[in-house]
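Visitor: One structure is given below, represented as structure tokens, and several questions about it will come after.
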Amino acid sequence: MNATHSSAVNSRPSALVCRGCCCGSSRKHPEVDFEKQIEDLSSVARVRTLNCVNECARSNIVIVRFDRKRSFWLGEVNSDASTLALCGWIGAGGVEPPPPLLEAKIFMPDNRL
Ligand code: FES
């Protein structure tokens with residue numbers, strides 16, 4: 001891997017995907033293909049999973065970080081449509097405003113990571 005490629009990879013946005021007690025639970029969200037969600041997000045972002053971030057009522061949580069100053073918490077990412085919209089938005093650099101489907105899911109958590 002050369003320095004240019006390494007830099008490009010490191011500048012990719014991050015998607016922190018909660019996989020705690022509720023997010024990632026097939027019992028709570030039988031409609032979600034969790035493996036595919038990670039796979040889809042991995043095509044546009046560096047994906048890391050987290051334990052519960054104390055926002056279970058909004059599961060499934062995805063935190064997108066475009067850079068050190070710009071991050072977004074999204075809740076109820078519970079469908080292929082919302083995952084694909086999120087992938088498209090991340091892939092487009094997180095242009096603002098986000099698409100309405102995603103804008104409705106963005107929230108400000110009590111305890112930011
Ligand atoms: S399991 Fe995701 S917020 Fe609790």
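Readers should treat all values here as calculations from the given coordinates under stated rules, not as data from a laboratory. Fair warning: this is a prediction, and the values are worked out from it, not measured in the lab. Cβ placement follows ideal geometry from the backbone for every residue including glycine, while neighbour counts extend to all protein chains displayed.
Visitor: Give a quick list of trypsin sites (Lys or Arg not before Pro) in the range 54-93 that DSSP marks as loop, anything other than H, G, I, E or B, with at most 14 other Cβ atoms within 10 Å.
Guide: Arg68, Lys69
Visitor: In what order do Leu86, Leu41, Leu50, Leu16 fall by count of nearby beta-carbon atoms within 10 Å, going from fewest to most?
Guide: Exposure proxy ranking, most exposed first: Leu50, Leu16, Leu41, Leu86.
Visitor: If you don't mind, there's one more thing I want to ask. How many times 2.2 N^0.38 Å is the alpha carbon radius of gyration of the range 13-66?
Guide: Ratio of Cα Rg to 2.2 N^0.38 Å: 1.06.
Visitor: Right, next: Given points 7 Å out from each Cα along the Cα-Cβ axis, report the Ser26 to Arg12 separation in nanometres with one decimal.
Guide: Taking the simple label geometry, Ser26 and Arg12 are separated by 2.6 nm.
Visitor: Which order results if Asp110, Asp67 are arranged by neighbouring Cβ count within 10 Å, fewest first?
Guide: Details: Asp110 7, Asp67 10.
Lowest to highest Cβ neighbour count: Asp110, Asp67.
Visitor: For q values of 0.15, 0.18 Å⁻¹, compute log₁₀ I(q)/I(0) with the Debye formula on a Cα-only model of the range 3-107, without solvent.
Guide: Here the Debye-derived log intensity ratios amount to -0.57, -0.81.
Visitor: Here's a follow-up. If you restrict to DSSP beta bridges whose two residues both lie in the range 3-107, what percentage is antiparallel, to the nearest 5? Write down the numbers at each step before the final one.
Guide: Numbers: 11 of 16 bridges.
Percentage antiparallel, nearest 5: 70.
Visitor: Now for a different question. Give, in nm to one decimal, the length gained when the segment between Glu39 and Met108 is fully stretched (0.36 nm per residue of separation minus the Cα-Cα distance).
Guide: 22.3 nm
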